[in-house]
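Okay, so here's the structure we're looking at.
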Amino acid sequence: MKYVRTGIEILDKLLPDGIPRDNFIGFFGEGGTGKSVILYEILYRRLEMGEPGIFVCFEDVPRSIVEHMRNFKWDLLKFKNFRFLDCYSFRMENRISSEYIKILSRPSDLDALTEALFDTMDELSMDGKGIVVFDSLTELMTIANVPELVDTIKDWRARGPNERNVNFISSVHYGLKVFENIVDTFDYIMDGLIDLRYNPEAMKKGFL
């Protein structure tokens, strides 16, 4: 089994061998626990290694994500082997596409989303290398048929990490009661789970 390190010091201490390339990993936590920023950095470090990457965004437009990452000195646009699958801009009248952004008009159509995802992976020759980031699967749950989504995620895991040895990582939000059962299902269908939580004692001292 092949492993790849995240490039994030604390995660590499916890996972000294790195993450198996054939894994789908979920970052779970309440809002504000830093899930998205961790995904940003994992993606950026992998791109720095010369590997291809795809960011499937459900919660914000690519432009905002690019600007947010620049606040951390992470410039996505300098990489040629990177693409956005924009699953947010369908809500807007003015949609901005470019060579690195593919806008999906109906991301709730899971078959079309799956086709766009694997077509983009083929375009970037993602086999045995690269990473796909989903932020977040919770937002996708709000627009898609949930039972169908469970089967779709199983298919993604089989066709991406298992078949191609390409890491998939995603954020999943805790705290929405309507989705509690499906979130529990993710514990079962994903290969690994990293649970991010607030530390009450640290919060008293001004830290999370």
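The values are calculated or read from the model by the stated rules, or taken from the named source; none is laboratory data. These numbers were taken from a predicted model, which means no experiment stands behind them. A quick note on method: Cβ atoms are made from the backbone with ideal geometry, for glycine too, and the neighbour counts reach across all protein chains shown.
Here's the yes/no breakdown for (1) surrounded by 14 or more Cβ atoms within 10 Å (Cβ to Cβ); (2) of a type in the set (A, V, I, L, M); (3) within 23 Å of Gly50 (Cβ to Cβ):
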residue	(1), (2), (3)
Arg83	yes, no, yes
Asn94	no, no, no
Ser105	no, no, no
Thr114	yes, no, no
Asp122	no, no, yes
Ser125	no, no, yes
Phe134	yes, no, yes
Glu148	no, no, no
Arg157	yes, no, no
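Within the stretch 6-35, restricting attention to residues that are closer than 19 Å to Ile153 by Cβ and of a type in the set (Gly, Ala, Ser), the residue that is surrounded by the fewest Cβ atoms within 10 Å (Cβ to Cβ) is Gly29.
When Ser125, Ser136 are screened for being within 28 Å of Pro20 (Cα to Cα) and at pLDDT below 95, only Ser136 passes.
Restricting the search to the stretch 73-92, which residues are within 24 Å of Glu115 (Cα to Cα), without any contact (Cβ under 8 Å) to a residue 24 or more places away in the chain and in a loop (DSSP other than H, G, I, E, B)? Correct list: Lys80 only. Whenever a residue of the stretch 25-42 is touching a residue at least 12 places away in the same chain (Cβ under 8 Å), its partners that are crowded, with 19+ Cβ neighbours inside 10 Å and part of a loop (DSSP other than H, G, I, E, B), lying with C-beta atoms within less than 6 angstrom and at least six residues away or across chains, give the pairs Gly26/Met190; Ile42/Thr6.
Filtering Phe134, Phe168 for residues that are touching a Gly at 6+ places or on another chain (Cβ under 6 Å), in a strand (DSSP E or B) and closer than 15 Å to Phe82 by Cα leaves a single hit, Phe168.
When we screen Ile143, Ile182 for residues that are touching a Ser or Thr at 6+ places or on another chain (Cβ under 6 Å) and of a type in the set (Val, Ile, Thr), the only hit is Ile143.
Pull up the stretch 12-23, narrow it to residues that are out of contact with any Lys or Arg (no Cβ under 8 Å at 6 or more places or on another chain) and part of a helix (DSSP H, G or I), then point me to the one that is nearest to Ile169 (Cα to Cα). So the residue we want is Leu14. Considering Met141, Met126, the condition of being of a type outside the set (Gly, Ala, Ser) and farther than 23 Å from Leu76 by Cα is satisfied by Met141 alone. Scan (1) under 23 Å from Asn94 (Cα atoms); (2) surrounded by fewer than 21 Cβ atoms within 10 Å (Cβ to Cβ); (3) in contact (Cβ under 8 Å) with a residue 12 or more places away in the chain for the single condition Glu48 breaks and write down its number. Evaluating Glu48 over (1) under 23 Å from Asn94 (Cα atoms); (2) surrounded by fewer than 21 Cβ atoms within 10 Å (Cβ to Cβ); (3) in contact (Cβ under 8 Å) with a residue 12 or more places away in the chain leaves (1) as the failure.
Of the candidates Ile153, Ile182, the single residue that is part of a helix (DSSP H, G or I), modelled with pLDDT of 85 or more and over 17 Å from Pro20 (Cα atoms) is Ile153.
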